[in-house]
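Data first, discussion second: the structure below is written as structure tokens.
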Amino acid sequence: MNLRLGSVLFAAALPLMAQNGDHSGEAQLERVPADRIPPSPVLDPAQEAATFRLPPGFRADLVAAEPLVHSPVAMQFDPLGRLWVVEMTGYMQNPSGSGETEPTGKIVVLEDTDADGRMDRRTVFLDGLVMPRALMLAGDGVVVAEPPNLWFARDANGDGRADEKIRIASDYATQNDPQLGDKSNPEHASNGLLWARDNWVYSANHTQRMRWNGSPTNWLRSPTIFRGQWGLSQDDRGRLFYNSNSDQIRADLIPDRYLSRNPHLRAPFGANVQLSPDQRLWTARVNPGVNRGYQPGQLTPDGHLATFTGACGPVVYRGEQLGPDLRGDVFLCEPTGNIIRRNRLLNQNGLLTATNAYDHAEFLASTDERFRPVNLYNGPDGALYVVDLYRGLIQHRIYLTSYLRKQIESRGLMTPVDHGRIWRIVQTNRPAGTARPLGPKPTTGDLVARLTDPSGFWRDTAQRLLVERADPASTRMLQLMVRTNTTSADGRLAALWTLEGLGTLDLSTVEAAMADSDGAVRSAALRLTEGFLDGPDREAALNLIYRRAGFIPPEEQLQLMLTLGEVKTPTADAILRALLMNTSPDLLRIHATLSGLGGRELEFLEALVADPNCSAVKEGHVALLSGLARCITVEAKPPRVAKLLQLIADSRSGEWQQLALLDGMVSTLPAPPRPGQPPPAVKPIPFETEPAGLKSLRGSSSPDVPNRMARLDPLFTWPGKAGFQAPAVAAPLQGADQESYLRGRELYAVVCGACHQPHGRGQEGLAPPLVESEWATGSEQRLIRIALHGLRDPVTVNGTTWNLAMPAFAEALNDGQIADLLTYIRNEWGHSAKPVRPETVGKVRTETAQREDSWTEPELLKLP
């Protein structure tokens, strides 16, 4: 059979060989003519390097390749200069993904024994792993992620191989648990394991963080927000950067714990912030081998990948070899398009935005279709390192389309699957960096000295090693470093956080740091004063904070606002109001303020509008007043909402303050329905009588007020109002229903809390709210189907449209567990919907047993 005939027969067979990623009704048509697709032979490393298009003055050097390394997905250098690599050799050995449950994965250690820059020795440290995906050096060993476990492995006898393996967590990357069978999903499971500046270990795609607690088998745990999909990095300040496949760069501009302080602040801004809305990219070759390359807009008219579809592995470059112009830039991978993006960051008083460093081009673009960069790292020599999962097929079977399978098989891209390369990107007109290993037994003084290293790799490594060592002698050395300006600002910042990690930070050192010449050090000192607010040094800490507020540069105002929210005193609130009124606050500063005002928003607003400085509108003040009114309305306490209405009525009719406050109240309502849909339900705030302020506002002569009042009308109810219905008093759950609710509460934390969050309000760009959601409290038939099979594509929740890819739980949870989970969701956060019975779930499961695809909103709306 010739190749052309084989391709025709294969195409004809597609309807009979449908893949998991196929959507019913799609026409998977070829968009790149066969004669325009160049061949994609397997290249040796030298040939592959010749396909790299880099800016003038940059070069990619090979560090390791098969047979020294196979299927690499993650790596980390140790202080000796050795390279630890995760080999995920079980990943997609064939289009069906069979073999992924076999224990073929390894952790290997690569060494450069002749100092020529290329690894030449391989030691298998740990093998017999099923789909390992991350590692982090810790103590005298390494933490390894093998779903659903985190292991600590060490070499106790010095032979280079692990002989101890201790489980330290059993809830990591649970989406990729082999016990899930065909539903096991490596594309959406935890990874990353980054020891960050604040001494917490964060992961991508995970909602727990960890902290060293004296040994590598003893870690504190704390909830955190969901971050990205694959890969995680930090800048010198400790801000976290991540992405998802179709959203190239996001970051936490504010530590997420601040933004969870106020339950009335819905969709807070400052964490998980999109830094660039531009998802276009510029590849060096046509890209027909993209999973949904048949869809309009996925490829450009000339066949190149149009937008990110596999963004991953971001890193903030913090070395020196590539030159100062690149320092602080964010690099990221796009294996689908065979490119590496370089983003420049613009910092406007804490608000970051990212732009491509090149016009219609990329930092690295390859014409080799098998070049698959999946992770990037700072190296000990100041260079940029690239993990290249060199292969043809990278799409997992769960999402694989018939179109892509045809591309892979007809063009011979399926094999080999055991290759892999690691590259070092260097600037050719600068001196080659050296790893400068610490040696096997560095002194505490050696480690403290490395905190001042120009390389972020060494500062991070030294901080971790000092915290782990906990040598009392280090405290004095670190205090001296913070208190003198003879070292670098980066070094003083690292020393300050190392003291925090050791638990030996004192207020006098914080005071010295607060007078530092560098704004990043001063901001960190402000943040660290918060640790003294609940102890005997509270008054001294408050005085430090108040004194710093006297004159503070814009770069530090954001942290001051966050810290004042922890203080919660009248003086702190007065300082906040002064800062807000004397500037034009942006959304970041407004939400930093609101996050710390939970339960005090009304009092803060009353004092604010009484301030003469609040009479003249400045940019940002409208959003500030609207945000305060929104929080008070979300709080939904009738006496406080009545005071808000009176405050609005007493404002000058139709002027900016009154309209801003009304708009804040209106913003709590669902968006108007789309044509043909019923209006979304509104849960009214019950008053004993009509509030006087409401009556006054309804009689306003301003042309701008009546339409707002009409929108707000469903939000208020009282006896005597037309259509009044006394609020139903929900009977508390009893007996078996209450037990089901309690079991569901425990399940929710594990199964749903990662995306929808413990408070049920969801996360912007990821998961819609469950609180007051018509999907949560409405039809149990729809809700059960969503839990069993998942939900995809656009769906409207409380008037807002979300694009979803919610996973299915039919394999992971039994009927009773799904009933418990849904009963909890339908009766938490003020809900009082009918509990769900296991037998109802079982009946729906049987009726939909043949379904393989996720549900869509149009399908579900046809159900009662």
Could you list, in sequence order, all residues of region 156-190 that are under 20 Å from W219 (Cα atoms) and surrounded by fewer than 20 Cβ atoms within 10 Å (Cβ to Cβ)? E164, K165, I166, R167, I168, A169, S170, D171
Please indicate, with yes or no, whether at least one residue in region 132-144 is in a loop (DSSP other than H, G, I, E, B) and within 26 Å of the chain's Cα centre (by Cα). yes
Among the residues of region 440-493, what is the count of those that are of a type in the set (V, I, T), part of a helix (DSSP H, G or I) and under 17 Å from R237 (Cβ atoms)? 1
Quick check on V729: is it free of Cβ contacts under 8 Å to residues at least 60 places away in the same chain, in a loop (DSSP other than H, G, I, E, B) and under 38 Å from the mean Cα position of the chain (by Cα)? no
So L259 passes all but one of these: (1) buried (at least 20 other Cβ atoms within 10 Å of the Cβ); (2) in contact (Cβ under 8 Å) with a residue 60 or more places away in the chain; (3) within 30 Å of A27 (Cβ to Cβ). Which condition number does it fail? (3)
Residue that is surrounded by the fewest Cβ atoms within 10 Å (Cβ to Cβ), among those in region 402-451 that are among the basic types (K, R) and under 30 Å from A49 (Cα atoms): R430
Find the residue count for region 464-489, including only residues that are within 26 Å of P216 (Cα to Cα), among the charged types (D, E, K, R) and open to solvent by 40 Å² or more (accessible area, probe 1.4 Å). 3
Give me a count of the residues in region 543-572 that are open to solvent by 20 Å² or more (accessible area, probe 1.4 Å) and of a type in the set (D, E). 2
Candidates E780, E772, E811, E764 - the one that is modelled with pLDDT of 85 or more and acidic (D, E): E780
Based on this model, can you work out whether V510 counts as more than 27 Å from M136 (Cβ to Cβ) and open to solvent by less than 20 Å² (accessible area, probe 1.4 Å)? yes
Which condition number does T461 fail, the rest of (1) buried (at least 21 other Cβ atoms within 10 Å of the Cβ); (2) free of Cβ contacts under 8 Å to residues at least 12 places away in the same chain being met? (2)
Residue count for region 464-508, restricted to those that are of a type in the set (V, I, T) and free of Cβ contacts under 8 Å to residues at least 12 places away in the same chain: 2
Of everything in region 698-723 that's in contact with a Pro (Cβ under 9 Å, 6 or more places away or on another chain) and open to solvent by less than 70 Å² (accessible area, probe 1.4 Å), which residue is nearest to S653 (Cα to Cα)? S700
Checking the condition at positive phi, at pLDDT 95 or above, within 21 Å of the chain's Cα centre (by Cα) and not acidic (D, E), which residue from G382, G313, G350, G323 passes? G313
Pick from region 31-48, criterion open to solvent by less than 80 Å² (accessible area, probe 1.4 Å) and in contact (Cβ under 8 Å) with a residue 60 or more places away in the chain, ranking: farthest from L364 (Cα to Cα): V32
Test of understanding: among A623, A660, A649, A607, which residue is outside any loop (DSSP other than H, G, I, E, B) and touching a Gly at 6+ places or on another chain (Cβ under 7 Å)? A649
In the list C614, C631, which residue meets the criterion of being of a type in the set (A, V, I, L, M, F, W, C), open to solvent by less than 50 Å² (accessible area, probe 1.4 Å) and at pLDDT below 95? C614
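The values are calculated or read from the model by the stated rules, or taken from the named source; none is laboratory data. These numbers were taken from a predicted model, which means no experiment stands behind them. Note that we place each Cβ from the backbone using ideal geometry, even for glycine, and neighbour counts take in every protein chain shown. To get the accessible areas, we keep the full protein, side chains included, count just its heavy atoms, and leave off ligands, DNA and RNA. Shrake-Rupley method; radii C 1.70, N 1.55, O 1.52, S 1.80 Å.
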